[in-house]
Amino acid sequence: MLTPLKKQLSKIVPCNFGVIDQKGNILISSDEKNENILPLVDDILSSSIFPMETSSYVISKIKPYRTNIFYFYLEKKVKDFSLVLKLLSVMTENFIKSYYDRYDRAHFLRSVIQREITDVNMRKKMSSYKINDDQQRIVLKIKTIEKTNHSMETILTNLFIDHKNNYIIELDNCDIVYIMEADEDAEEMAILAANDLIATIEQELLIPVVVGIGKIVTDVGSLADSYESANLACEIGGIFELEKNIFTYSKLGIGVFISKLQKEELAQYLNMIIDVKLFSKLDEEIIRTIQKFFENNLNISETARKMYLHRNTLVYRIDKVLKQTGLDVRNFDDALLFKTAYMVKSYMEKLNDNI
Amino acid sequence: MAKVVVKNVYKKYEPSRGGITAVSDFNLSIEDKEFLVLLGPSGCGKTTTLRMIAGLEDITAGEIYIGDKLVNDVQPKDRDIAMVFQNYALYPHMSVFDNMAFGLKLRKTPKDEIKKRVHEAARILEIEHLLDRKPKALSGGQRQRVALGRAIVREPKVFLMDEPLSNLDAKLRGQMRVELIKLHQRLQTTIIYVTHDQVEAMTMGTRIVCMRLGFIQQVDNPQVMYDYPANVYVAGFIGTPQMNFADAKIRDDGKNVYIIVGNSTIKLPESRMKNILGKGFDGREVIMGIRPEALHDEQVYIDSLPDSTVNAEVEVVEMLGPEALVYCVVEGTNMIARFKPNTKARHGDVIKVAIDTERLHIFDKDTEKALFRD
Ligand SMILES: Nc1ncnc2c1ncn2[C@@H]1O[C@H](COP(=O)(O)OP(=O)(O)O)[C@@H](O)[C@H]1O
Ligand SMILES: [Mg+2]
């Protein structure tokens, strides 16, 4: 966590320096081998007088955060080393403090999205952390199958480093939540971010990820809703929106209702709108074609072009669907029925998969 | 550096995800150091194939080998591959050096090694002078190179690239195409490259795999694929403007083979006859294919190809500078001819057009397969 600090200080401090934590771990050090400071660590931890001075070092004690204690050491090779030590200690203290503040805020938001905090407590913490309640936000859930030892979090932190008011939260399983502030075009911004993070994670770590984008919310208390909708999008998005790795809650449409129905209800509904046997007989080529036809907003020319099909072939396939199912997917109403039936059927498959 | 072998690979997505068989019986042996292009329209299974080779997608059946090792059960990160996508993002606060080094740091590569690899990659990409810059201070092309650099520093045996240029504007895309060809020469590594753009495929690939609906249609080097397409689909997909097609019929009089299209009879030359003559094709319905540049309006051709000269009604003449595209109707079929820019053809004319029969294609009407392939 202190590496950026070390980078900054290395540029200005001409002699050895470093930070030790209260357990005696050397967190950063300008001298990789630490040969001069290691023998002093025990003395530092047990000393009661600060700044402490040895033959070659001065050491200060910092308490940036709650009960955590750190020590800053500086080689006495600079002029006015006492003053320099004081200045560097203040810098370090601020650095650590802001790190923990951010960490605390993330911790707080994590309890908010998981509904593990009372309203009263939430209000209190919001004001102490200076988190603005009146702000549009959107939650992204990043789902993967593998534990990555914080690599994923590190990547996201560095990727979105410019967005100081956004938070990256690691959950207990392998998943990560990204809370974004976004005023205009929140969903588009979220999709852009999702594209960037998927490409980066897949390229750097070679693990597949999917992202669920939750609903846009306008206050901190509703973040849990946004998180839940992002979760739902992750869960069922793949059933209703094929070949994507970004699933947006607002695009799930009737998928949300379908996912709330019981199996029996689904079967009943399916029977009501369509002859299931005929429907199941449609071959893959037809299904594939109709999917693309829907993706291209029922535009025959566009679909034919994208699939590199002759227009007549496409029309022929659409007619075949009409013959087999009685649905003319060129018409909006029939297209809707077909799509719904298809969604219900896929969802039922999913339920079967899970048993 | 490695060979990649894909054996009888299938991919069927789960029923709850549409249940589509995205890739069927894919068989291919990709040579070490090859620049192999997977080409085909949207949805034909290119990305799925690439992700299966990477291990980012499970395979339903079959085997994949990278450098002699069966990798079916090997994690992507242990497959010695690197991916490059059309999307990429750079870490905004990091220098170019750190952007390239970051992945290696995550994998705990020793510092000296990182330094060596990043400098080597930067040298190959000719961005050594940019190593201290932040992404903000780079041009689009330079950023794309940094993204490539990230893949290069992994020193993979195989690069897997999924339409890496498709987000770029036309000019930059053209430049990067050349860059990638150079890069391949310098890296001396196997590259598997996915695109739907036949120009990219033709210019970059040492071999092209043309796909359709999850099936391989043809695997050949670009020129062979252009000159001898295996079927109507490949013939139409490769080349712009597209190959012209017309329904036709074969006549075999025992000595010669003729193609009858409308009221015209075209005599086939020796080279195009050999798989047809005396093989029982007389009367067979076929699809005739002619590339726009195999049509000629110059007198020398018309004089020397009397057996394959037809009439054409000119509809539109598009002057393009180095050439003219002439839209015309030949025996009731719309065709495009690529003539010299000094063509005299004008809208409304009926002109004589000589067909270069050495470059005529004939496909079976039912199977759409080429009747002859050398
Ligand atoms: N994750 C997925 N889930 C279900 N179906 C998919 C998925 N990805 C792709 N497909 C389907 O597989 C087929 C091939 O897709 P893809 O490999 O992405 O093709 P291409 O890259 O050539 O455009 C398409 O019909 C597509 O709908
Ligand atoms: Mg693709």
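The values are calculated or read from the model by the stated rules, or taken from the named source; none is laboratory data. Source: prediction; values computed, not measured. Cβ sites come from the backbone with ideal geometry, for glycine too, and all protein chains shown count toward neighbours. When the accessible area is computed, the model is the full protein with side chains, heavy atoms only, and any ligands, DNA or RNA have been set aside. Shrake-Rupley method; radii C 1.70, N 1.55, O 1.52, S 1.80 Å.
Annotations for the structure displayed:
- Residues in chain A average 52 Å² of solvent-accessible surface per residue, probe 1.4 Å, ligands and nucleic acids excluded.
- In summary, the lysines within cross-link reach of A:LYS130, defined as a Cα separation below 17 angstrom excluding same-chain residues under 8 places away, comprise A:LYS97, A:LYS164.
- Here the spin labels are modelled as points 7 Å beyond Cα on the Cα-Cβ line, and at B:LEU325 and A:ILE49 they lie 9.0 nm apart.
- Kyte-Doolittle mean at least 0.0 and Cα axial length at least 15 Å: DSSP H helices in chain B: B:96-106
- Spin-label pair A:LYS7/A:LEU351, simplified geometry with 7 Å Cα→Cβ offset, distance in nm: 5.3
- Cα centroid of the stretch B:14-86 to Cα centroid of the stretch B:127-172, whole Å: 23
- In nm, spacing of pseudo-spin labels at B:GLU31 and B:GLN86 (7 Å Cα→C-beta vector): 3.0
- Phi angles across the stretch B:64-70 convert, under the Karplus curve 6.51 cos²θ - 1.76 cosθ + 1.60 with θ = phi - 60°, into 3J(HN,Hα) values of 10, 10, 10, x, 6, 9, 6 Hz, Gly and Pro given as x.
- The calculated FRET efficiency for the pair A:LYS86 and A:LYS33, based on their C-beta separation and a Förster distance of 30 Å, comes to about 0.65.
- Charging the Cβ of each Asp and Glu at -1 and of each Lys and Arg at +1, and nothing else, the dipole of the protein assembly as shown about its Cα centre rounds to 1500 debye.
- Considering only alpha-carbon pairs that sit under 8 angstrom and 6 or more positions apart, the relative contact order computed for the stretch B:189-261 is 18 percent.
- Cross-link partners of A:LYS281 among lysines, defined as those whose alpha carbon lies under 20 angstrom from its own and excluding same-chain residues fewer than eight positions apart: A:LYS292, A:LYS320, A:LYS323, A:LYS339, A:LYS345, A:LYS350, B:LYS12.
- Within 10 Å of the Cβ of each residue in A:204-217, the mean number of Cβ atoms contributed by other protein chains is 3.
- Computed about its Cα centre, the charge dipole of the stretch A:261-353 is approximately 340 debye, with only Lys, Arg, Asp and Glu carrying charge at their Cβ.
- Sulfur and carbon atoms: percent of accessible area, the stretch A:261-353 [1.4 Å]: 52
- Note: relative contact order over chain A, using C-alpha pairs below 8 Å and six or more positions apart, is 11 percent.
- As a calculated quantity, the FRET efficiency between A:ALA267 and A:ASN173 at R0 = 22 Å, using C-beta atoms, amounts to about 0.10.
- Within a straight-line Cα-Cα reach of under 17 Å, A:LYS76 can be paired with the following lysines, leaving aside sequence neighbours fewer than 8 residues apart in one chain: A:LYS61, A:LYS86.
- The magnitude of the dipole of the stretch A:3-92, with charges of +1 and -1 set on the Cβ of Lys/Arg and Asp/Glu and taken from the Cα centre, is near 400 debye.
- The candidates A:ASP219, B:ASP73, A:ASP333, B:ASP162, arranged from most to least accessible area with a 1.4 Å probe in the full protein assembly, appear as B:ASP73, A:ASP333, A:ASP219, B:ASP162.
- Applying 0.36 nm per residue to the separation of B:SER139 and B:LYS77 and subtracting their alpha-carbon distance, the gain on full extension is 19.3 nm.
- Furthest towards positive pole of dipole, B:TYR193, B:ILE127, B:LEU28, structure part chain B, Cβ charges: B:ILE127
- Pairs of Cα atoms nearer than 8 Å and 6+ residues apart set the relative contact order; for chain B it is 15 percent.
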